[in-house]
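Trainee: Quick one: the structure is below, questions incoming.
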Amino acid sequence: MDTLTAKALLVLALLLLPATGQAQTNGPILAVGYSHKQGGRNLVTYAVGWRFSFQPPAAVERATEPYGLNLSLVVEPLLGFTTKDTETVEFSVVPMVRVEGLRDRSIRPFVEGGVGLAYSDLRGYNLGSRILFSDQIGGGVTFGTAGPHRWSLGYRLRHISHAGLWAEANSGLNTHYLVVTYR
């Protein structure tokens with residue numbers, strides 16, 4: 001994700017945040033991620049957290065309704081454990097904009113993306129800092145069940161780096177995630 005896109009997503013998320021009401025849907029999130037660095041240094045990350053979803057302002061909802069889209073702001077605090085080449089922990093909080101289609105169907109495609117902050121104790125990967133930006137983008141499908149409950153299954157690409165702000169070393173790290181949520 002380029003810097004301009006990441007900044008635009010962050011600004012949009014921050015603009016939506018004060019205008020939202022209480023969380024509309026909350027639920028657990030489970031993610032398994034895979035990272036590969038040159039030299040065969042592979043990592044597997046297991047993450048758990050809680051997803052908070054907020055409705056956008058009424059004007060935004062009215063604008064997306066004719067297209068059958070549901071726009072929301074999602075905030076995910078996640079705690080992860082990384083293993084394989086090294087063992088460490090990480091924590092992140094990422095606000096994301098989520099666009100879900102086909103509002104009245106039991107199976108709904110979605111895309112989401114955002115920029116947040118992460119703490120990682122990962123060493124030896126030339127990240128240059130333990131405090132990092134977490135840029136993420138992904139998509140998937142939400143499945144309806146009886147009542148208001150829904151499962152989502154998706155793919156997410158996450159890039160962590162400090163954007164050259166805290167040190168010269170800044171190789172960044174990309175992780176490919178399989179994500180399951182329930183709300």
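Trainee: Please count how many residues of region 24-46 are more than 23 Å from Arg183 (Cα to Cα), modelled with pLDDT of 85 or more, of a type outside the set (S, T, N, Q) and open to solvent by less than 70 Å² (accessible area, probe 1.4 Å).
Mentor: The total comes to 2.
Trainee: Check Thr82 against each of (1) surrounded by 17 or more Cβ atoms within 10 Å (Cβ to Cβ); (2) within 11 Å of the chain's Cα centre (by Cα) and name the one condition it does not meet.
Mentor: Evaluating Thr82 over (1) surrounded by 17 or more Cβ atoms within 10 Å (Cβ to Cβ); (2) within 11 Å of the chain's Cα centre (by Cα) leaves (2) as the failure.
Results for (1) in a strand (DSSP E or B); (2) among the basic types (Lys, Arg), shown as yes or no for each residue.
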{"position": "Glu65", "(1), (2)": "no, no"}
{"position": "Ser72", "(1), (2)": "yes, no"}
{"position": "Glu76", "(1), (2)": "yes, no"}
{"position": "Val93", "(1), (2)": "yes, no"}
{"position": "Arg108", "(1), (2)": "yes, yes"}
{"position": "Gly114", "(1), (2)": "yes, no"}
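Trainee: Quick one: is Ser129 small (Gly, Ala, Ser), under 23 Å from Thr45 (Cα atoms), open to solvent by 20 Å² or more (accessible area, probe 1.4 Å) and free of Cβ contacts under 8 Å to residues at least 60 places away in the same chain?
Mentor: yes
Trainee: Go through (1) among the aliphatic types (A, V, I, L, M); (2) open to solvent by 60 Å² or more (accessible area, probe 1.4 Å); (3) at pLDDT 90 or above; (4) more than 20 Å from Leu69 (Cα to Cα) and name the single condition Ala163 misses.
Mentor: For Ala163, the exception is condition (3).
Trainee: Hey, could you check region 134-160 for residues that are open to solvent by less than 20 Å² (accessible area, probe 1.4 Å) and charged (D, E, K, R) and say which is nearest to Glu90 (Cα to Cα)?
Mentor: Among those that are open to solvent by less than 20 Å² (accessible area, probe 1.4 Å) and charged (D, E, K, R), it is Arg158.
Trainee: Taking region 124-183 only, how many residues are touching a strand residue (DSSP E or B) at 6+ places or on another chain (Cβ under 9 Å) and acidic (Asp, Glu)?
Mentor: The number of residues fulfilling the criteria is 1.
Trainee: While we're looking at this one, here's another question. Go through Phe81, Phe54, Phe91 for me and flag whichever is at pLDDT 75 or above and more than 17 Å from Leu173 (Cα to Cα).
Mentor: Result: Phe54 is the single residue among Phe81, Phe54, Phe91 that is at pLDDT 75 or above and more than 17 Å from Leu173 (Cα to Cα).
The values are calculated or read from the model by the stated rules, or taken from the named source; none is laboratory data. Fair warning: this is a prediction, and the values are worked out from it, not measured in the lab. Reconstructed Cβ throughout: ideal geometry from the backbone, glycine too, with neighbour counts over all protein chains shown. Areas reflect the complete protein model, heavy atoms only, side chains present, ligands, DNA and RNA absent. Shrake-Rupley method; radii C 1.70, N 1.55, O 1.52, S 1.80 Å.
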